[in-house]
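Below is one structure, written out as structure tokens; the observations come after it.
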Amino acid sequence: DLIGVADVRRREEVQLIEGRPALPDEDLRPPRCMAFGIEMKGIEGRGMDTPQGFVVRAGSKAVKKEVASIHSYLSELRQTLIQKAVLADQGDSYRLSQDYTFASPSTAAGVLLGRSANGRVEWKDGQGRSLKEVQEAEAGV
């Protein structure tokens, strides 16, 4: 099948930086998507790994202070999300004002934690298993 011009334009319109606005809630229901959380440095985030990317849910918090060694792309992405009011200033932290789809769980974790992060290790399910452990169990590794 050929992709129509309207489909290409629609994809271009929904892209924001390297991520996209998240899917409506009905597209995030189990069993397709499993909820994960991240808690560190006084912040808490909730997200899920989807076929479209790693979706961090509205209300998740991000640290204000970045570490000096943060990769420039993470710092620039955070600044863009702040400018676009996706990350809203809450005094001692930032809060996601909407669901947001990141290209990877590592980028999602890095934006929330203000540092480089291995998202497959940082994101945990309700039983304390990392995203990596869950993915390996699903793959039979």
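In terms of accessible area, using a 1.4 Å probe and ignoring ligands and nucleic acids, Glu76, Glu122 rank largest first as Glu76, Glu122. The gain in end-to-end length when the Ala35 to Asn118 segment is fully stretched comes to 28.2 nm, 0.36 nm per residue minus the alpha carbon separation.
Please give me the summed charge of the neighbours of Leu87: other residues whose Cβ is under 11 Å from its Cβ, Lys and Arg +1, Asp and Glu -1. Display every interim value, and only then the final one.
On the way: positive: Lys61, Lys64, Arg78, Lys84, Arg95; negative: Asp89.
For residues surrounding Leu87, the net value is +4.
Length available on full extension from Glu136 to Gln98: 0.36 nm per residue minus the Cα-Cα distance, which gives 10.7 nm. Accessible surface of region 37-141, 1.4 Å probe: 46 percent of it comes from carbon and sulfur atoms. Within the shell of other residues whose beta carbon sits under 14 angstrom from the beta carbon of Arg120, the net charge comes to -3, with Lys and Arg scored +1 and Asp and Glu -1.
In the assembled protein chains, Ser116 presents an accessible area of approximately 50 Å² (probe radius 1.4 Å).
At a 1.4 Å probe radius, which order do Tyr94, Tyr100, Tyr73 fall into by accessible area, largest first? Numbers along the way, then the final one.
Details: Tyr94 35, Tyr100 0, Tyr73 120 Å².
Heavy-atom accessible area, descending, gives Tyr73, Tyr94, Tyr100.
On full extension, the segment bounded by Asp89 and Arg129 gains 11.3 nm, given 0.36 nm per residue less the C-alpha separation.
Provide the net charge surrounding Glu66, with neighbours chosen by a C-beta distance below 13 Å and charges set as Lys +1, Arg +1, Asp -1, Glu -1.
Working: positive: Lys41, Lys64, Lys65, Arg78, Arg115; negative: Glu76.
Summing Lys/Arg as +1 and Asp/Glu as -1 gives +4.
Bridging of Lys64 to lysines at a Cα separation below 25 Å is possible for Lys41, Lys84, Lys124, once same-chain residues fewer than 8 apart are set aside. Leu96 contributes about 0 Å² of solvent-accessible surface, heavy atoms of the protein only, 1.4 Å probe.
The values are calculated or read from the model by the stated rules, or taken from the named source; none is laboratory data. Every value quoted in this text rests on a predicted model; they were computed, and no experiment measured them. Note: ideal-geometry Cβ built from the backbone for every residue, glycine included; neighbour counts use all protein chains shown. Note: accessible area is taken over every heavy atom of the protein model, side chains too, but ligands, DNA and RNA are not part of it. Shrake-Rupley method; radii C 1.70, N 1.55, O 1.52, S 1.80 Å.
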